[in-house]
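Visitor: Here it is, the structure, as structure tokens.
Please treat every number below as a calculation from the coordinates, not as lab data. Please read all numbers here as calculations on a predicted model, not as lab measurements. Note that each Cβ is placed from the backbone with ideal geometry, even for glycine, and that neighbours are counted across all protein chains shown.
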Amino acid sequence: MEFNPAQQEVLDQLGAPRGEWPRFEVTLRHELRRELDNGLEPLLESLDPDDQLFVAKHLLAQVHACERKFLADEADPFEWSVPLARGSVAHKAIELSIHWKREPDPLILVDEALARLGDGTDSLGDYLRTCGEVERAELRAEANDRVVKFLECFPPLKPAWRPVTESRLRLELHDARIVMSGKVDLSLGQPEGDRAGKVLIDLKTGAFSPSHIDDLRFYALIETIRIGTPPRRLATYYLDQGRFVPEDVTEGLLHSSAARVIDGSRRAVELRAGTDDLRVVPGPACRWCSALAECEEGKHHLDEVAETGDEW
């Protein structure tokens, strides 16, 4: 099969001969788990005995950004919408495309994904069964756009590459009173002993954000503790741009991710307990922050953007 330049770049970025796969010490997983255990143990005193602290990439991204927005978002009840649901639908359609026996038709894949997710008993299933016709059509169109771009930019994924979509990761600490969890959009490859051969990929639309890099580092940390051998490479892929932001995994990267988890978890517990000492960081997210009406920093930032056109 002849690949277009974007598909060839995917192969170039993600592939590597086995002789170039890095090796890692077998003790690394124990070091990282011990680091998390020790760093998170002081938080147990602030948790009720029957409570669990759930740590996911979204919590860490929010608490390391604007703390006022973090608290405002926690106070708002979660509701599904087209922007929130389109990723789940597109990822399900991409999963189906990997195992599709016929030539993949993006809209057929999206419709199959909508049908299967709509049969679910979770909140997304409820949303898909009850949303209006216009909203469903908008969701179908936006999910189709993502699937088309994926099929344009990625070569057909061979079974030998061990492709897995929506791969769930979970790490329980301190008798499951603290739980780290995540879901990788796409993983390829596998480790061989202490040789790192797996690649973790996040699929994004829109613009680059530093938090996207941290999301994949978080997944790599859990994956390393889970099986003992880290992923070889992490890659955020921007479908709108046909562009990779890759990063090779190192021990230093994993220890840095563990430190970020500890710091973010500690701060989340402190903020939920109540504090007036908030770190306010104005930025693009001010536009849809529910705390904007009472946030002078956010309003000032948006006024400056309106005058200068410079978001940052």
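Visitor: Quick one: what are the phi-derived ³J(HN,Hα) couplings along segment 33-47, Karplus 6.51/-1.76/1.60 with θ = phi - 60°, whole Hz, x for glycine and proline?
Guide: Residue by residue, segment 33-47 yields 5, 4, 4, 5, 4, 5, x, 9, 4, x, 6, 4, 5, 8, 9 Hz.
Visitor: More than 20 angstrom separation, counting every C-alpha pair in segment 1-76; what % is that?
Guide: Of all Cα-Cα distances in segment 1-76, 66 percent exceed 20 Å.
Visitor: For the residue pair Asp119 and Ser181, what label-to-label distance in nm results when each label sits 7 Å from Cα along the Cα-to-beta-carbon direction?
Guide: Going from the Asp119 label point to the Ser181 one covers 2.3 nm.
Visitor: So, one more: Write down Rg/Rh for the chain, rounded to two decimals, with Rg from the C-alpha atoms and Rh from the Kirkwood relation over Cα pairs.
Guide: That ratio equals 0.97.
Visitor: According to a simple spin-label model (label point 7 Å from Cα along Cα-to-Cβ), what is the distance in nm between Ala137 and Gln241?
Guide: For the pair Gln241/Ala137, the computed spacing is 3.3 nm.
Visitor: Go ahead and estimate [θ] at 222 nm for the chain from helices alone: -39,500 (n - 2.57) per DSSP H run with n ≥ 4, summed, over the residue count, rounded to 500.
Guide: -15500 deg cm²/dmol
Visitor: Quote the charge dipole size of segment 82-153 about the Cα centre in Debye, to the nearest 20; the model charges only the Cβ of Lys and Arg (+1) and of Asp and Glu (-1).
Guide: In total the dipole reaches around 160 debye.
Visitor: In addition: How high is the relative contact order of the chain, in percent, with contacts defined as C-alpha pairs under 8 Å that are six or more residues apart?
Guide: Working: 424 pairs, mean separation 75.2, N = 312.
Once normalised by length, the contact order is 24 percent.
Visitor: Using +1 on the beta carbon of Lys and Arg, -1 on that of Asp and Glu, and nothing else charged, what's the dipole of the chain about the Cα centre, debye to 20?
Guide: 1360
Visitor: Oh, and also: Greater than 25 Å separation of Cα atoms is the criterion. Which listed pairs, Lys183/Lys299; Lys57/Lys198; Lys92/Lys204; Lys69/Lys92; Lys204/Lys299, meet it? Present the calculation step by step, with values, prior to reporting the outcome.
Guide: On the way: Lys183/Lys299 34 Å; Lys57/Lys198 20 Å; Lys92/Lys204 15 Å; Lys69/Lys92 30 Å; Lys204/Lys299 28 Å.
Correct reply: Lys183/Lys299; Lys69/Lys92; Lys204/Lys299.
Visitor: If you average the sequence gap of Cα pairs under 8 Å that are 6 or more apart and divide by the length of segment 61-169, what percent do you get for the contact order?
Guide: Values: 79 pairs, mean separation 35.2, N = 109.
Over segment 61-169, the number comes to 32 percent.
Visitor: Hey, any idea what the orientation-averaged projected area of the convex hull of segment 82-153's Cα atoms comes to, in nm²?
Guide: 4.5
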